[in-house]
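This report concerns only the one structure given below.
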Amino acid sequence: RQLKLPGIINPDVMDILAFTANHNVLRKPAGQAIISYAWDHVARYYYLTYVFYQMVIIGNLVVEVASPSTTFWGSRVRWSLLAVLAHLELFYEFWEMCGFLCYLQHGRQRYLTNIENLYDWASIAMLMVLVYITMDAHGLQDMPVMLSLLILFRWIQLTWSCRAFGLVGEKILPIMQASFSAHIKGILVVTFCILLGFLHGAMALELGNDLPQHYAVVLGSLKLLLLGDGDGIDVTLGLGNAEEGNPITFLFLFAAMVVFCVCVLNLFIAVHGEAYDSAQEKAFTTFLQERAGICLHCLLRPSWPPRCCQYWRVQHRISVYICLQIFVLAAWALLLREESINVLAPTALLGASAMLGDAILVQRPWNKTSGDKYYLWMCYKESFDTAAQNAERDAGQYAALQAAVHGDQFNVQTAWRAVPDSEPEGPGNGEPPSRP
(Lines give C-alpha, C1' and ligand atoms only; values in the text may rest on other atoms or scores of the structure.)
Protein backbone atom coordinates (compact mmCIF):
# COMPACT_ATOMS: atom_id res chain seq x y z
CA ARG A 1 0.00 0.00 0.00
CA GLN A 2 0.98 3.58 -0.60
CA LEU A 3 -0.49 6.61 1.13
CA LYS A 4 0.27 10.24 0.33
CA LEU A 5 -0.70 12.73 3.04
CA PRO A 6 -0.24 16.43 2.12
CA GLY A 7 0.79 18.82 4.91
CA ILE A 8 0.19 16.18 7.57
CA ILE A 9 3.16 17.18 9.77
CA ASN A 10 1.64 20.14 11.58
CA PRO A 11 0.77 21.10 15.19
CA ASP A 12 -2.95 20.30 14.79
CA VAL A 13 -2.32 16.67 13.83
CA MET A 14 0.33 16.27 16.53
CA ASP A 15 -2.09 17.72 19.07
CA ILE A 16 -4.67 15.07 18.14
CA LEU A 17 -2.14 12.23 18.33
CA ALA A 18 -0.67 13.47 21.63
CA PHE A 19 -4.00 13.80 23.46
CA THR A 20 -6.27 11.24 21.84
CA ALA A 21 -7.99 8.75 24.12
CA ASN A 22 -8.34 6.25 21.25
CA HIS A 23 -5.03 4.37 21.35
CA ASN A 24 -6.05 2.29 18.33
CA VAL A 25 -5.07 5.27 16.16
CA LEU A 26 -1.50 4.91 17.41
CA ARG A 27 -1.41 1.23 16.46
CA LYS A 28 -2.14 2.04 12.82
CA PRO A 29 0.73 2.46 10.34
CA ALA A 30 -0.37 6.02 9.51
CA GLY A 31 -0.19 7.24 13.11
CA GLN A 32 3.16 5.58 13.73
CA ALA A 33 4.60 6.93 10.46
CA ILE A 34 3.59 10.53 11.26
CA ILE A 35 5.13 10.39 14.73
CA SER A 36 8.25 8.61 13.51
CA TYR A 37 8.91 11.15 10.75
CA ALA A 38 8.34 14.16 13.01
CA TRP A 39 10.60 12.68 15.68
CA ASP A 40 13.44 11.75 13.31
CA HIS A 41 13.46 14.95 11.24
CA VAL A 42 12.30 17.66 13.64
CA ALA A 43 12.42 16.76 17.32
CA ARG A 44 15.16 14.19 17.97
CA TYR A 45 18.31 16.32 17.98
CA TYR A 46 16.66 19.20 19.76
CA TYR A 47 15.39 16.89 22.48
CA LEU A 48 18.87 15.42 22.92
CA THR A 49 20.21 18.92 23.52
CA TYR A 50 17.35 19.56 25.96
CA VAL A 51 18.31 16.50 28.01
CA PHE A 52 21.94 17.62 27.80
CA TYR A 53 20.94 21.01 29.22
CA GLN A 54 19.22 19.23 32.11
CA MET A 55 22.37 17.24 32.81
CA VAL A 56 24.48 20.43 32.73
CA ILE A 57 22.20 22.07 35.30
CA ILE A 58 22.34 19.02 37.58
CA GLY A 59 26.11 18.75 37.15
CA ASN A 60 26.44 22.40 38.13
CA LEU A 61 24.30 21.82 41.22
CA VAL A 62 26.35 18.73 42.14
CA VAL A 63 29.54 20.78 42.02
CA GLU A 64 27.94 23.49 44.15
CA VAL A 65 27.05 20.96 46.85
CA ALA A 66 30.17 18.77 46.74
CA SER A 67 32.90 21.32 46.00
CA PRO A 68 31.70 24.90 45.54
CA SER A 69 34.02 27.08 43.51
CA THR A 70 35.92 29.81 45.37
CA THR A 71 37.78 31.30 42.40
CA PHE A 72 36.61 34.35 40.51
CA TRP A 73 36.51 32.60 37.13
CA GLY A 74 34.79 29.49 38.51
CA SER A 75 32.03 31.53 40.13
CA ARG A 76 31.41 33.47 36.92
CA VAL A 77 31.27 30.26 34.88
CA ARG A 78 28.79 28.69 37.27
CA TRP A 79 26.52 31.74 37.36
CA SER A 80 26.68 32.32 33.61
CA LEU A 81 25.76 28.72 32.77
CA LEU A 82 22.80 28.70 35.15
CA ALA A 83 21.63 32.09 33.90
CA VAL A 84 21.75 31.01 30.24
CA LEU A 85 19.90 27.75 30.83
CA ALA A 86 17.32 29.35 33.12
CA HIS A 87 16.44 32.04 30.57
CA LEU A 88 16.35 29.49 27.74
CA GLU A 89 13.86 27.37 29.65
CA LEU A 90 11.77 30.43 30.51
CA PHE A 91 11.69 31.59 26.88
CA TYR A 92 10.78 28.16 25.48
CA GLU A 93 8.12 27.50 28.11
CA PHE A 94 6.55 30.91 27.49
CA TRP A 95 6.61 30.34 23.72
CA GLU A 96 5.04 26.91 24.17
CA MET A 97 2.32 28.36 26.39
CA CYS A 98 1.52 31.02 23.77
CA GLY A 99 1.32 28.30 21.11
CA PHE A 100 -1.14 26.26 23.16
CA LEU A 101 -3.28 29.23 24.16
CA CYS A 102 -3.36 31.06 20.83
CA TYR A 103 -2.91 28.42 18.14
CA LEU A 104 -4.41 25.08 19.17
CA GLN A 105 -8.16 24.65 19.38
CA HIS A 106 -8.30 23.07 22.85
CA GLY A 107 -4.88 24.27 23.91
CA ARG A 108 -5.96 26.45 26.82
CA GLN A 109 -7.57 23.63 28.78
CA ARG A 110 -4.86 21.11 27.91
CA TYR A 111 -2.01 23.39 28.90
CA LEU A 112 -3.47 24.74 32.13
CA THR A 113 -4.59 21.31 33.40
CA ASN A 114 -1.33 19.53 32.57
CA ILE A 115 0.65 18.79 35.74
CA GLU A 116 3.87 18.58 33.74
CA ASN A 117 3.55 22.23 32.66
CA LEU A 118 2.89 23.42 36.20
CA TYR A 119 5.88 21.40 37.38
CA ASP A 120 8.09 22.98 34.69
CA TRP A 121 7.01 26.48 35.70
CA ALA A 122 7.79 25.77 39.36
CA SER A 123 11.22 24.38 38.49
CA ILE A 124 12.02 27.33 36.22
CA ALA A 125 10.86 29.83 38.86
CA MET A 126 13.14 28.34 41.52
CA LEU A 127 16.12 28.36 39.16
CA MET A 128 15.44 31.97 38.14
CA VAL A 129 15.20 33.07 41.78
CA LEU A 130 18.52 31.42 42.58
CA VAL A 131 20.17 32.98 39.53
CA TYR A 132 19.10 36.52 40.39
CA ILE A 133 19.78 36.20 44.12
CA THR A 134 23.31 34.93 43.48
CA MET A 135 24.05 37.57 40.87
CA ASP A 136 25.87 39.77 43.42
CA ALA A 137 28.58 37.26 44.37
CA HIS A 138 26.34 35.20 46.66
CA GLY A 139 26.84 31.44 46.60
CA LEU A 140 24.07 28.90 46.16
CA GLN A 141 25.11 27.29 49.42
CA ASP A 142 23.81 30.39 51.23
CA MET A 143 20.24 29.17 50.49
CA PRO A 144 20.28 25.47 51.37
CA VAL A 145 16.48 25.01 51.54
CA MET A 146 15.76 26.36 48.06
CA LEU A 147 18.84 24.61 46.69
CA SER A 148 17.58 21.32 48.13
CA LEU A 149 14.13 21.78 46.56
CA LEU A 150 15.65 22.71 43.21
CA ILE A 151 17.92 19.64 43.21
CA LEU A 152 14.96 17.35 43.98
CA PHE A 153 12.85 18.94 41.24
CA ARG A 154 15.65 18.70 38.69
CA TRP A 155 16.43 15.04 39.31
CA ILE A 156 12.75 14.13 38.92
CA GLN A 157 12.61 16.26 35.78
CA LEU A 158 15.65 14.47 34.33
CA THR A 159 14.03 11.10 35.05
CA TRP A 160 10.85 12.18 33.29
CA SER A 161 12.88 13.50 30.34
CA CYS A 162 14.14 9.97 29.63
CA ARG A 163 10.60 8.85 28.72
CA ALA A 164 11.16 9.64 25.03
CA PHE A 165 14.04 7.19 24.56
CA GLY A 166 13.23 3.71 23.33
CA LEU A 167 15.42 1.83 25.79
CA VAL A 168 13.76 3.12 28.97
CA GLY A 169 10.67 5.05 27.84
CA GLU A 170 8.27 2.12 27.90
CA LYS A 171 9.53 1.20 31.38
CA ILE A 172 9.37 4.68 32.93
CA LEU A 173 5.92 5.65 31.68
CA PRO A 174 3.92 2.86 33.42
CA ILE A 175 5.64 3.66 36.72
CA MET A 176 4.81 7.35 36.48
CA GLN A 177 1.27 6.77 35.23
CA ALA A 178 0.50 4.22 37.93
CA SER A 179 1.62 6.70 40.60
CA PHE A 180 -0.78 9.39 39.29
CA SER A 181 -3.54 7.12 38.05
CA ALA A 182 -7.18 7.75 38.86
CA HIS A 183 -7.44 4.12 40.00
CA ILE A 184 -5.47 4.83 43.20
CA LYS A 185 -7.30 8.00 44.27
CA GLY A 186 -9.72 6.12 46.51
CA ILE A 187 -7.15 4.01 48.33
CA LEU A 188 -4.85 7.05 48.54
CA VAL A 189 -7.53 9.03 50.38
CA VAL A 190 -8.24 6.07 52.69
CA THR A 191 -4.54 5.59 53.44
CA PHE A 192 -3.95 9.28 54.10
CA CYS A 193 -6.98 9.69 56.37
CA ILE A 194 -6.26 6.59 58.46
CA LEU A 195 -2.60 7.61 58.77
CA LEU A 196 -3.61 11.04 60.03
CA GLY A 197 -6.11 9.42 62.37
CA PHE A 198 -3.47 7.29 64.09
CA LEU A 199 -1.03 10.22 64.25
CA HIS A 200 -3.72 12.41 65.81
CA GLY A 201 -4.62 9.67 68.30
CA ALA A 202 -0.98 9.21 69.30
CA MET A 203 -0.61 12.95 69.92
CA ALA A 204 -3.78 12.88 72.06
CA LEU A 205 -2.41 10.01 74.19
CA GLU A 206 0.83 11.96 74.64
CA LEU A 207 -1.13 14.70 76.45
CA GLY A 208 -0.96 12.48 79.56
CA ASN A 209 2.71 13.43 79.78
CA ASP A 210 3.65 16.53 81.78
CA LEU A 211 5.82 17.73 78.88
CA PRO A 212 4.26 16.39 75.66
CA GLN A 213 6.83 15.61 72.96
CA HIS A 214 4.59 15.83 69.91
CA TYR A 215 7.42 15.97 67.35
CA ALA A 216 9.03 12.81 68.75
CA VAL A 217 5.63 11.10 68.86
CA VAL A 218 4.82 11.96 65.23
CA LEU A 219 8.28 10.85 64.08
CA GLY A 220 8.06 7.58 66.00
CA SER A 221 4.52 6.92 64.77
CA LEU A 222 5.60 7.43 61.16
CA LYS A 223 8.47 4.99 61.69
CA LEU A 224 6.02 2.42 63.02
CA LEU A 225 3.24 2.90 60.47
CA LEU A 226 5.28 3.38 57.28
CA LEU A 227 8.56 1.58 58.02
CA GLY A 228 7.67 -0.95 60.70
CA ASP A 229 10.62 0.34 62.71
CA GLY A 230 11.14 -1.04 66.21
CA ASP A 231 11.78 2.40 67.68
CA GLY A 232 8.25 3.34 66.71
CA ILE A 233 6.93 0.50 68.87
CA ASP A 234 8.79 1.84 71.90
CA VAL A 235 7.49 5.35 71.28
CA THR A 236 3.90 4.10 70.96
CA LEU A 237 4.07 2.02 74.14
CA GLY A 238 5.55 5.00 76.03
CA LEU A 239 2.78 7.44 75.11
CA GLY A 240 1.49 9.49 78.02
CA ASN A 241 4.54 8.84 80.23
CA ALA A 242 3.89 5.07 80.25
CA GLU A 243 7.49 3.92 80.07
CA GLU A 244 6.81 0.20 79.65
CA GLY A 245 3.33 0.58 78.26
CA ASN A 246 -0.17 0.03 79.62
CA PRO A 247 -3.30 -1.65 78.28
CA ILE A 248 -4.37 1.51 76.42
CA THR A 249 -1.08 2.00 74.58
CA PHE A 250 -0.88 -1.75 73.87
CA LEU A 251 -4.33 -1.77 72.29
CA PHE A 252 -3.46 1.36 70.32
CA LEU A 253 -0.28 -0.30 69.03
CA PHE A 254 -2.15 -3.50 68.13
CA ALA A 255 -4.87 -1.58 66.26
CA ALA A 256 -2.30 0.50 64.35
CA MET A 257 -0.34 -2.56 63.24
CA VAL A 258 -3.37 -4.61 62.19
CA VAL A 259 -5.46 -1.87 60.59
CA PHE A 260 -2.79 0.23 58.91
CA CYS A 261 0.35 -1.88 58.53
CA VAL A 262 -1.38 -5.15 57.62
CA CYS A 263 -4.61 -4.10 55.90
CA VAL A 264 -4.37 -0.59 54.48
CA LEU A 265 -0.76 -0.68 53.28
CA ASN A 266 -1.20 -4.04 51.59
CA LEU A 267 -4.39 -2.86 49.90
CA PHE A 268 -2.56 0.24 48.70
CA ILE A 269 0.24 -1.91 47.25
CA ALA A 270 -2.30 -4.18 45.55
CA VAL A 271 -4.24 -1.28 43.98
CA HIS A 272 -1.02 0.41 42.89
CA GLY A 273 0.15 -2.85 41.32
CA GLU A 274 -3.14 -3.19 39.47
CA ALA A 275 -2.77 0.37 38.15
CA TYR A 276 0.76 -0.46 36.99
CA ASP A 277 -0.45 -3.56 35.16
CA SER A 278 -3.14 -1.50 33.44
CA ALA A 279 -0.58 1.14 32.41
CA GLN A 280 1.88 -1.53 31.23
CA GLU A 281 -0.68 -2.87 28.76
CA LYS A 282 -0.69 0.52 27.00
CA ALA A 283 3.03 1.22 27.39
CA PHE A 284 3.83 1.23 23.66
CA THR A 285 1.00 3.52 22.58
CA THR A 286 1.63 5.80 25.57
CA PHE A 287 5.28 5.98 24.53
CA LEU A 288 4.20 7.06 21.03
CA GLN A 289 1.89 9.66 22.55
CA GLU A 290 4.73 11.14 24.58
CA ARG A 291 6.86 11.40 21.47
CA ALA A 292 3.96 13.05 19.67
CA GLY A 293 3.69 15.56 22.52
CA ILE A 294 7.40 16.36 22.28
CA CYS A 295 7.09 16.79 18.51
CA LEU A 296 4.16 19.14 19.14
CA HIS A 297 6.29 21.27 21.45
CA CYS A 298 9.04 21.45 18.82
CA LEU A 299 6.60 22.43 16.08
CA LEU A 300 5.32 25.27 18.27
CA ARG A 301 8.79 26.66 18.95
CA PRO A 302 10.72 29.12 16.76
CA SER A 303 12.74 27.47 14.01
CA TRP A 304 15.28 28.49 11.43
CA PRO A 305 15.02 30.04 8.86
CA PRO A 306 12.49 32.88 9.26
CA ARG A 307 9.49 32.74 6.95
CA CYS A 308 10.67 35.80 5.07
CA CYS A 309 14.12 34.31 4.37
CA GLN A 310 13.55 30.71 3.35
CA TYR A 311 16.67 30.75 1.17
CA TRP A 312 18.78 30.94 4.37
CA ARG A 313 18.20 27.26 5.03
CA VAL A 314 21.06 25.31 6.64
CA GLN A 315 22.06 22.24 4.67
CA HIS A 316 24.04 20.38 7.35
CA ARG A 317 22.32 21.50 10.53
CA ILE A 318 24.14 19.17 12.93
CA SER A 319 27.61 20.16 11.70
CA VAL A 320 26.68 23.83 11.71
CA TYR A 321 25.28 23.56 15.23
CA ILE A 322 28.41 21.87 16.60
CA CYS A 323 30.78 24.35 14.94
CA LEU A 324 28.72 27.32 16.14
CA GLN A 325 28.65 26.11 19.75
CA ILE A 326 32.38 25.29 19.85
CA PHE A 327 33.30 28.74 18.55
CA VAL A 328 30.94 30.58 20.91
CA LEU A 329 31.95 28.49 23.94
CA ALA A 330 35.61 29.37 23.36
CA ALA A 331 34.77 33.07 23.08
CA TRP A 332 32.52 32.84 26.15
CA ALA A 333 35.25 31.26 28.29
CA LEU A 334 37.80 33.88 27.23
CA LEU A 335 35.44 36.76 27.96
CA LEU A 336 34.68 35.40 31.42
CA ARG A 337 38.39 35.48 32.29
CA GLU A 338 38.51 39.24 31.78
CA GLU A 339 37.51 40.88 35.05
CA SER A 340 36.90 44.18 33.30
CA ILE A 341 34.10 42.67 31.20
CA ASN A 342 30.69 42.45 32.85
CA VAL A 343 29.51 38.86 33.22
CA LEU A 344 26.26 39.73 31.43
CA ALA A 345 28.07 40.20 28.10
CA PRO A 346 29.43 36.65 27.69
CA THR A 347 26.19 35.31 29.20
CA ALA A 348 24.13 37.08 26.54
CA LEU A 349 26.48 35.81 23.83
CA LEU A 350 26.14 32.20 24.96
CA GLY A 351 22.37 32.53 25.35
CA ALA A 352 21.93 33.94 21.84
CA SER A 353 24.15 31.19 20.42
CA ALA A 354 22.18 28.47 22.21
CA MET A 355 18.88 29.93 21.01
CA LEU A 356 20.08 30.15 17.42
CA GLY A 357 21.49 26.63 17.57
CA ASP A 358 18.23 25.22 18.93
CA ALA A 359 16.30 26.96 16.15
CA ILE A 360 18.63 25.34 13.59
CA LEU A 361 18.08 21.91 15.17
CA VAL A 362 14.30 22.17 14.75
CA GLN A 363 14.58 23.40 11.16
CA ARG A 364 11.78 21.89 9.09
CA PRO A 365 12.75 19.61 6.20
CA TRP A 366 10.22 21.53 4.10
CA ASN A 367 9.57 25.15 3.16
CA LYS A 368 7.42 26.66 5.91
CA THR A 369 5.59 28.99 3.51
CA SER A 370 4.22 26.06 1.49
CA GLY A 371 4.10 23.18 3.94
CA ASP A 372 0.69 21.99 2.74
CA LYS A 373 2.19 21.17 -0.67
CA TYR A 374 4.56 18.56 0.72
CA TYR A 375 3.55 14.92 1.02
CA LEU A 376 4.43 12.32 3.61
CA TRP A 377 4.91 9.08 1.70
CA MET A 378 4.16 5.82 3.47
CA CYS A 379 4.99 2.50 1.90
CA TYR A 380 4.20 -0.66 3.84
CA LYS A 381 2.93 -4.15 3.26
CA GLU A 382 -0.79 -4.67 3.49
CA SER A 383 -0.15 -7.56 5.87
CA PHE A 384 1.25 -5.08 8.41
CA ASP A 385 -2.08 -3.33 8.79
CA THR A 386 -3.93 -6.63 8.79
CA ALA A 387 -1.64 -8.00 11.49
CA ALA A 388 -2.28 -4.96 13.68
CA GLN A 389 -6.04 -5.37 13.31
CA ASN A 390 -5.80 -9.09 14.04
CA ALA A 391 -3.74 -8.38 17.16
CA GLU A 392 -6.40 -5.99 18.44
CA ARG A 393 -9.17 -8.49 17.69
CA ASP A 394 -7.24 -11.32 19.32
CA ALA A 395 -6.63 -9.21 22.41
CA GLY A 396 -10.36 -8.53 22.72
CA GLN A 397 -11.22 -12.17 22.15
CA TYR A 398 -8.67 -13.23 24.77
CA ALA A 399 -10.17 -10.86 27.34
CA ALA A 400 -13.67 -12.13 26.57
CA LEU A 401 -12.44 -15.73 26.83
CA GLN A 402 -10.87 -15.03 30.21
CA ALA A 403 -14.16 -13.57 31.47
CA ALA A 404 -16.04 -16.58 30.16
CA VAL A 405 -13.62 -18.99 31.87
CA HIS A 406 -14.02 -17.19 35.21
CA GLY A 407 -17.80 -17.31 34.77
CA ASP A 408 -17.69 -21.02 34.02
CA GLN A 409 -15.59 -21.65 37.13
CA PHE A 410 -18.09 -19.77 39.27
CA ASN A 411 -21.06 -21.65 37.75
CA VAL A 412 -19.38 -25.02 38.27
CA GLN A 413 -18.58 -24.25 41.91
CA THR A 414 -22.11 -22.98 42.54
CA ALA A 415 -23.73 -26.00 40.89
CA TRP A 416 -21.53 -28.42 42.85
CA ARG A 417 -22.38 -26.78 46.18
CA ALA A 418 -26.09 -27.00 45.30
CA VAL A 419 -25.94 -30.82 44.96
CA PRO A 420 -27.55 -32.46 48.05
CA ASP A 421 -25.33 -34.47 50.36
CA SER A 422 -27.33 -37.64 49.62
CA GLU A 423 -26.36 -37.66 45.94
CA PRO A 424 -23.17 -39.37 44.90
CA GLU A 425 -20.04 -37.29 44.88
CA GLY A 426 -18.00 -36.64 41.81
CA PRO A 427 -14.88 -38.60 40.96
CA GLY A 428 -12.07 -38.51 43.44
CA ASN A 429 -12.41 -37.48 47.06
CA GLY A 430 -15.57 -35.38 47.00
CA GLU A 431 -14.24 -32.54 44.82
CA PRO A 432 -16.07 -31.15 41.80
CA PRO A 433 -15.35 -32.85 38.52
CA SER A 434 -12.55 -31.19 36.64
CA ARG A 435 -13.38 -29.23 33.52
CA PRO A 436 -12.13 -30.57 30.22
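Here are the numbers:
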| item | result |
| --- | --- |
| Odd one out for Thr134 among (1) more than 30 Å from Val343 (Cα to Cα); (2) touching a Phe, Trp or Tyr at 6+ places or on another chain (Cβ under 7 Å); (3) of a type in the set (Val, Ile, Thr) | (1) |
| Flag for Asn241 being without any contact (Cβ under 8 Å) to a residue 40 or more places away in the chain and on the phi > 0 side of the Ramachandran plot | yes |
| Every residue from segment 7-55 that is among the aromatic types (Phe, Trp, Tyr) and closer than 27 Å to Val320 by Cβ | Tyr37, Trp39, Tyr45, Tyr46, Tyr47, Tyr50, Phe52, Tyr53 |
| Residue within segment 238-248 that is at pLDDT below 90 and touching a Phe, Trp or Tyr at 6+ places or on another chain (Cβ under 9 Å) present | yes |
| Selected residue [closer than 30 Å to Asn114 by Cβ and open to solvent by 80 Å² or more (accessible area, probe 1.4 Å)] from Ile175, Ile248 | Ile175 |
| Subset of segment 200-225 that is free of Cβ contacts under 8 Å to residues at least 24 places away in the same chain, within 18 Å of Ala255 (Cβ to Cβ) and among the hydrophobic types (A, V, I, L, M, F, W, C) - its residue that is least open to solvent (accessible area, probe 1.4 Å) | Val217 |
| Segment 301-323 residues that are at negative phi and surrounded by 10 or more Cβ atoms within 10 Å (Cβ to Cβ), paired with ones that are basic (Lys, Arg) and in a helix (DSSP H, G or I) (beta carbon under 9 Å, 6 or more apart) | Ser303/Lys368; Trp304/Arg317; Pro305/Lys368; Pro306/Lys368; Gln310/Lys368 |
| Looking only at segment 226-245, and only at residues there that are of a type in the set (A, V, I, L, M) and within 26 Å of Ile187 (Cβ to Cβ), the one that is surrounded by the fewest Cβ atoms within 10 Å (Cβ to Cβ) | Leu227 |
| Positions within segment 42-70 being in contact with a Phe, Trp or Tyr (Cβ under 9 Å, 6 or more places away or on another chain) and over 14 Å from Leu81 (Cβ atoms), in sequence order | Tyr45, Tyr47, Thr49, Tyr50, Val51 |
| Residue check, Gly197 of a type outside the set (A, V, I, L, M, F, W, C) and either open to solvent by 90 Å² or more (accessible area, probe 1.4 Å) or in a loop (DSSP other than H, G, I, E, B) (or both) | no |
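The values are calculated or read from the model by the stated rules, or taken from the named source; none is laboratory data. Nothing here was measured: the structure is a model prediction, and the numbers come from that model. All Cβ positions, even for glycine, are placed from backbone atoms using ideal geometry, and neighbour counts span all protein chains on display. SASA here: full protein model, heavy atoms, side chains in, ligands and nucleic acids out. Shrake-Rupley method; radii C 1.70, N 1.55, O 1.52, S 1.80 Å.
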